[in-house]
Amino acid sequence: MLRPVTNLSFEEKLRNYARLAVRIGLGVREGQRVLVEAPVETAPLARLLVREAYDAGASFVDVRWDDDDVQLARFTLAPEGSFEQISRWRVDAETETADAGGAVIAIRATNPNLFAHVDPARVTAHQRVLAAYRKPYSLQVMTNRLNWNLISAPVPEWAELMFPGLPREEAVQKQWDAIFAATRADQPDPVAAWQAHLADLKRRRELLTEKQYAALHFKGGETDLTVGLADDHIWGGGAAQTPSGITFTANIPTEEVWTAPHRERVDGVVVSTKPLSYNGVLIEGIRIRFAGGRVVEATARQGQDTLAQLIDTDEGSHRLGEVALVPHSSPISRSGLFFFNTLYDENAASHIAIGSAYRFNVRGGVDMTLEEFQAKGGNDSLTHVDWMIGSGEMDVDGITRDGQREPVMRAGEFVI
């Protein structure tokens, strides 16, 4: 269990969290406009983000509210044939902000089982149309054209899932404690703590980029997977920069370093080590076999239909867009908690992502045409979904261009 390291009050930790999100996460620049996306249940944090953004120099801060109950009502009660309708204005708010040189911060918090009893075909039909319309904005995110950030905050149903058997109020408080600890918001100087952490991630990503491995081999448990890496790949991790020089950290928390797989050079079997919460459905026991970079067999103990529809989103969703390394000793892994939220759970274990690759993970990729990017091995898709494959049993080797093997991780820990 993650333990608070100070006796700061809840209010002090919440202010720390909002300050981290704006200063370290978003990196707001003087005069920028900011869009905050927030579930209605997280209004107190959203309001603090607004104030922190203005304190950091933002010229205009707007909020786009989300609501689980509204979404559930639609997918439960709306008539068949209506799910391809989307609220374009919600996406237009993001695009308008990005086009104006602004920044977007999202509080991603939802009930992981929200759509457990909803026909997944309804959600998939909606997500396909939404992702297609959102593609221009997503491309700006995938190329770091704007400074953006994801954080999270408790919602009651999610807290009760993480801490079953506790009264709702106590479960929410325990979830806040876990979030504060995972994000270092419970430390007396969280900004300094994050600066030191980001320096460590920078050292590791630069070392791996210099290595230019042809592939990574994952071996542990039931997984035996070779992931070829894109030509001229670059490892990311921690802070990034926009073309205008704004430094930001897209995810808080973050413990990973990651890069782009080669879309045609992934072979073997991979088995998930943690459940995946996707579109309000828990998918457990994922087992996928790849050949020539493409999914050729996919099963799950739970959520099989949802997994199948995710993979069938488009051609790119049959391939990988990210491979990430996370030490088994990361703070979130050590906590022993499963968050049912990819923002946290992906930072407890090494993982891969089905779907689109980040353009900045290939040298010069941001300015390439799609055809040029794919020729380097980069993947393109309407989706990008991370799922966890790492554990204390996982060994990872780097395979050099001449076929030699070098240890990168042993028993889930870095050895480089």
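The values are calculated or read from the model by the stated rules, or taken from the named source; none is laboratory data. Note that the structure is predicted; figures quoted are calculated from it, not measured. Here the Cβ positions follow ideal geometry from the backbone for every residue, glycine too, while neighbour counts run over all protein chains shown. For the accessible areas, the whole protein counts, side chains as well, though only heavy atoms, and no ligand, DNA or RNA atoms are used. Shrake-Rupley method; radii C 1.70, N 1.55, O 1.52, S 1.80 Å.
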Give the carbon-plus-sulfur fraction of the accessible surface of the chain in %, rounded to a whole number; probe 1.4 Å, heavy atoms of protein chains only. 49
Dipole of the chain (Lys/Arg Cβ +1, Asp/Glu Cβ -1, origin at the Cα centre): which of GLY57, LEU225, ASN347 lies farthest to the positive side? GLY57
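Find how much the distance from ASP312 to LEU166 grows on full extension, using 0.36 nm per residue of separation minus their present alpha carbon separation; answer in nm with one decimal.
On the way: separation 146, 0.36 × 146 = 52.56 nm, distance 3.85 nm.
Value of the extension gain: 48.7 nm.
Mind checking the full-extension length gain between THR299 and ASP402? Use 0.36 nm per residue of separation minus the Cα-Cα distance, one decimal, nm. Mind showing how you got there, number by number?
Numbers: separation 103, 0.36 × 103 = 37.08 nm, distance 3.45 nm.
Extra length from THR299 to ASP402 when fully extended: 33.6 nm.
Computed over the Cα atoms of the stretch 268-345, what is the ratio Rg over Rh, Rh following Kirkwood?
Values: Rg = 13.4 Å, Rh = 13.7 Å.
Here Rg/Rh amounts to 0.98.
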About its Cα centre, how strong a charge dipole does the stretch 69-191 have in debye, to the nearest 20, once Lys and Arg get +1 and Asp and Glu get -1 at the Cβ? 440
Mean-square fluctuation check for the chain, GNM, Cα pairs under 10 Å: which of ALA260, ALA240, ALA159 is largest? ALA240
For the stretch 51-59, just list the computed ³J(HN,Hα) in residue order, Karplus coefficients 6.51, -1.76 and 1.60, θ = phi - 60°, integers in Hz, with x standing in for Gly and Pro. 5, 5, 5, 5, 4, 7, x, 4, 8
Using a basic spin-label model with each label point 7 Å from the Cα along Cα→Cβ, how many nm lie between ASP200 and GLN212? 3.0
If each of ALA291 and GLN173 carries a label point 7 Å out from its Cα toward its Cβ, how far apart are those two points in nm? 5.6
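Rank-order 99-106, 29-36, 180-187 by packing density, defined as the average count of other C-beta atoms within 10 Å over each peptide's residues, highest first.
Final packing ranking: 180-187, 99-106, 29-36.
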Residue-normalised accessible area of the stretch 232-273, given per residue in Å² at a 1.4 Å probe: 29
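Roughly how many Å² is the accessible area per residue of the stretch 327-401, as a whole number, for a 1.4 Å probe? Intermediate values should be presented prior to the final figure.
Numbers: 2390 Å² over 75 residues.
On a per-residue basis, 32 Å².
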Scan around ALA250 for amide H atoms under 5 Å from its own, H built in the peptide plane at 1.01 Å from N, and keep only partners 5 or more places away or cross-chain. ALA240
About its Cα centre, what dipole magnitude does the stretch 167-315 give when the only charges are +1 on Lys and Arg Cβ and -1 on Asp and Glu Cβ, stated in debye to the nearest 20? 240
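If you average over every viewing direction, what projected area does the convex hull of the Cα atoms of the chain give, in nm²?
Details: hull surface 74.8 nm².
Over every viewing direction, the Cα hull of the chain projects on average to 18.7 nm².
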Under the rule of at least 5 residues apart or a separate chain, name every residue whose amide H is placed under 5 Å from the amide H of GLY285. ARG301
Counting heavy atoms of the protein chains only and a 1.4 Å probe, report the per residue accessible area for the stretch 1-102 as a whole number of Å². 52
Find which of GLN302, LEU320, GLY285 sits farthest along the positive direction of the dipole of the stretch 279-331, computed with +1 on the beta-carbon of Lys and Arg, -1 on that of Asp and Glu, about the Cα centre. GLY285
If you take every DSSP beta bridge fully contained in the chain, what fraction is antiparallel? Give it as a percent rounded to 5. 75
Just order 391-397, 150-156, 78-84, 306-312 by mean Cβ neighbour count inside 10 Å, highest at the front, would you? 150-156, 306-312, 391-397, 78-84
Taking amide H positions as placed 1.01 Å from N in the peptide plane, with prolines and chain starts having none, which residues 5 or more places from LEU320, or on another chain, fall under 5 Å of its amide H? GLY355
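Where a ≥ b ≥ c are the square roots of the eigenvalues of the C-alpha gyration tensor, would you call the stretch 336-416 rounded, which needs a/c under 1.5, or, failing that, prolate if a/b is larger than b/c, or oblate? Display every interim value, and only then the final one.
Working: a/c = 2.99, a/b = 1.26, b/c = 2.37.
Oblate, since a/c reaches 1.5 and b/c is not below a/b.
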Show log10 I(q)/I(0) for the stretch 59-215 at q = 0.10, 0.11, 0.15, 0.17 Å⁻¹, two decimals, from a solvent-free Debye sum over equal Cα scatterers. -0.57, -0.69, -1.15, -1.25
If only Cα atoms are counted, what is the Rg of the stretch 210-263, and what is its Dmax, in Å? 14.1, 45
If the elastic network links every pair of Cα atoms under 10 Å, which of PRO120, PRO188, PRO39 fluctuates the most in the Gaussian network model of the chain? PRO188
Of ALA411, ALA125, PRO188, which is farthest along the charge dipole of the chain in the positive direction, counting Lys and Arg as +1 and Asp and Glu as -1 at C-beta? PRO188
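Stokes-Einstein diffusion coefficient for the stretch 215-342 at 25 °C in a medium of 0.890 mPa s, Rh from the Kirkwood formula over Cα pairs: what value in µm²/s?
Working: Rh = 16.2 Å.
Roughly 151 µm²/s, to the nearest whole number.
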Roughly how big is the stretch 1-145's charge dipole about its Cα centre, with Cβ charges of +1 (Lys, Arg) and -1 (Asp, Glu), in debye to the nearest 20? 440
